[in-house]
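What follows draws every value from the coordinates through simple rules; no lab data is involved. This one's a predicted model, so the numbers in the text were calculated from it and none came from an experiment. When we count neighbours, we look across all protein chains shown, and the Cβ atoms used for this are built from the backbone with ideal geometry, even at glycine.
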């Protein structure tokens, strides 16, 4: 399982299990990390079409993912699904979208009923199970540093 790491300098890197080394993370200034995946783009920013993950994950689902443009510039996407008006996305569809958006890297986060986004304290999407408890998240704010 790949690990996505956000570094203090604003860069985002994705490590395979073979590359993941605690000292490397410390040396690169790791700030946050997420373990779910998989990564959606190859090292050239092109959409992957083959994913080394459970077949269930590759199916169409509600999704949450993060894309990376350059230090400090990211793209957060949430896709609704499992509803009459939204079917979710397959991993290759999400990968293609991040490629079209020009991201250099992208990483699939936990989705399903956890795909939930707020902006200015208002829900910005139509969650599959809005009453579900969300245990983790990414908080974005300007001006912290």
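Tabulated data for the structure shown
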item	result
Three principal axis lengths of region 58-108 [C-alpha, angstrom, descending]	37, 17, 15
Calculated [θ] (222 nm, deg cm²/dmol) that DSSP helices of n ≥ 4 give over the chain, each run adding -39,500 (n - 2.57)	-3500 deg cm²/dmol
Theoretical gain in end-to-end length, residue 7 to residue 93 [0.36 nm per residue, Cα-Cα removed]	28.2 nm
Residue order, fewest to most beta carbons within 10 Å, for 109, 91	109, 91
Mean Cα-pair separation over length for the chain, i.e. relative contact order, pairs under 8 Å, 6 or more apart, %	24 percent
Residues 103, 75 arranged by fewest to most Cβ contacts within 10 Å	75, 103
Gaussian network model of the chain, Cα within-10 Å springs - most flexible of 13, 23, 52	23
For region 96-128 versus region 1-77, the gap between their alpha-carbon centres in whole angstrom	14 Å
Debye-sum result for the chain in log10 I(q)/I(0), which assumes one identical scatterer on each alpha carbon, at q = 0.16, 0.17, 0.21 Å⁻¹	-0.88, -0.99, -1.43
Sorted by Cβ density within 10 Å, fewest first, the residues 73, 61, 126, 113	73, 126, 113, 61
